[in-house]
Amino acid sequence: MAVRAPYRSLRGLSALAALVALGAVGCSDVSEAVDSAKDGAKKAARQRSVFSLDVGDCYNPNGKAEGEAYLVEVVPCDEAHQGQVVGEFAIEGGPRHPGDEKVAAIADERCPAEAQKRAPDTWALPAGVGLSHYTPTKESWTTGDRAVTCTYTVEKGTFKGSLDTAKSFEPDQLTFLKGSNAVYEALWVHQPVTDDVEAALKDYQAQAKAVAAALGTHVEELDGIEGAEVGKLRATLTKAADQWEKAANAPDVDTFYLAYDQAFTLVDPNKTVPARKELGLATTVPADEAEVWAV
């Protein structure tokens, strides 16, 4: 959670600490101390308030990945870093904070679409990179803070290079990615919180309706893309849309299960690999998705 604190440069404090450290070491250690002091001063000069992060900025968090954050170290994207800002938006609301859970739910729902404007092919993300966000706290809300900052980050290690790759794709690639992303967003955003399908049949049918609609749009747009493998995928997804529609309108649980089982199998991401290869897109199914369909 992000507290939108004003920017406060730490340059002077770090320089003073470096000078004190230099006075305390012997001549043989001066070079090492100087290098350390330079690194410290460089890092301090890069400190920025979380509030001042811009879309495209690459950064290293200060402290834990979760909880309240005040400052981050903004670095060039060609250096090793732990995160990059890939989207932002403002939450509408009155003077009263909606609550951490509601704010997080809004961020969870909107950040994927915002991020995909910058990084459309989620399969091409570096290993371990996942979507995260900084959101207003109850305290910062009272100061007018409504901003949500969407980021791609790694919990362990670092990565190099910018994830802002949207301009590198051709129109057909972007059309494919937009439709494909929408299908899986519909699937996961509407995923019911319980595994008890009978008790939550209406919720599961609402999910099925959303996926069927996303598939319908995706199939229609694929019709404008040439390629044998794309054509095969379009035929598969047409069948999938039909099964999701049947699941959405199932009169009972048993009928729902029959349609849902086929529908879910037909949107296995592995089935998109040949078409992705034909379009020159990433072809390695992300580990978390591969695990779901491997069950």
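The values are calculated or read from the model by the stated rules, or taken from the named source; none is laboratory data. Keep in mind that this is a model prediction, so the values were computed, not measured. Cβ sites come from the backbone with ideal geometry, for glycine too, and all protein chains shown count toward neighbours. Calculation scope for accessible area: heavy atoms of the full protein, side chains included, ligands and nucleic acids excluded. Shrake-Rupley method; radii C 1.70, N 1.55, O 1.52, S 1.80 Å.
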**Item:** Low-density loop positions, GluC sites (Glu not before Pro), segment 208-278 - DSSP coil, at most 12 other Cβ in 10 Å
**Value:** Glu226
**Prompt:** Can you give the accessible area per residue of segment 240-283, in Å², using a 1.4 Å probe?
**Reply:** 50 Å²
**Message:** Straight-line reach from Lys138: which aspartates and glutamates fall under 12 Å, measuring Cα to Cα and dropping same-chain residues less than 8 apart?
**Reply:** Glu68, Asp100, Glu101
**Cα-only Debye scattering, segment 246-295: base-10 log of I(q)/I(0) at q = 0.18, 0.21, 0.26, 0.30 Å⁻¹** = -0.66, -0.76, -0.91, -1.03
**Request:** Show me 164-171, 120-127 ranked by packing, highest mean number of other Cβ atoms within 10 Å first.
**Result:** 120-127, 164-171
**Request:** Give the distance, in whole Å, between the Cα centre of segment 213-258 and the Cα centre of segment 153-209.
**Result:** 16 Å
**Kirkwood Rh and Cα Rg combined as Rg/Rh, segment 51-191** = 0.97
**Complete:** Probe 1.4 Å, all chains present, heavy atoms only: Glu139 accessible area in Å², nearest 10, is 120 Å²
**Complete:** Karplus ³J(HN,Hα) for segment 274-279 (6.51 cos²θ - 1.76 cosθ + 1.60, θ = phi - 60°; Hz, whole; x = Gly/Pro) runs x, 5, 4, 4, 4, 8
**Asked** In terms of solvent-accessible area of protein heavy atoms at a 1.4 angstrom probe, what is the ranking of Asp57, Asp100, highest value first?
**Response** Asp100, Asp57
**Request:** Please give the solvent-accessible surface of Leu163 in Å², to the nearest 10, using a probe radius of 1.4 Å with every protein chain present.
**Result:** 10 Å²
**Request:** Would you work out what percent of the accessible area of segment 71-184, with all protein chains in place, is carbon or sulfur (probe 1.4 Å)?
**Result:** 50 percent
**Item:** Within the accessible area of segment 190-259 (1.4 Å probe), percent carbon and sulfur
**Value:** 50 percent
**Asked** Each residue of segment 173-184 in turn: what ³J(HN,Hα) in whole Hz from Karplus with 6.51, -1.76, 1.60 and θ = phi - 60°, glycine and Pro shown as x?
**Response** 5, 5, 4, 4, 5, 4, x, 5, 4, 5, 5, 6
**Message:** Here is the link list: Lys117/Lys232; Lys232/Lys271; Lys178/Lys271. Which ones come out longer than 19 Å on Cα distance?
**Reply:** Lys117/Lys232
**Message:** Can you give me the accessible area per residue for segment 83-214, using a 1.4 Å probe, in Å²?
**Reply:** 53 Å²
**Fill in**
With x for Gly and Pro, the residue-by-residue ³J(HN,Hα) of segment 83-92, computed from phi through the Karplus equation 6.51 cos²θ - 1.76 cosθ + 1.60 at θ = phi - 60° and given in whole Hz, is x, 9, 6, 10, x, 7, 7, 10, 8, 7
**Item:** Positive minus negative residues near Ala166 (Lys, Arg vs Asp, Glu; Cβ under 10 Å)
**Value:** +1
**Asked** Can you give the charge dipole size of segment 184-295 about its Cα centre, rounded to the nearest 20 debye, using +1 on the beta carbon of Lys and Arg and -1 on the beta carbon of Asp and Glu?
**Response** 320 debye
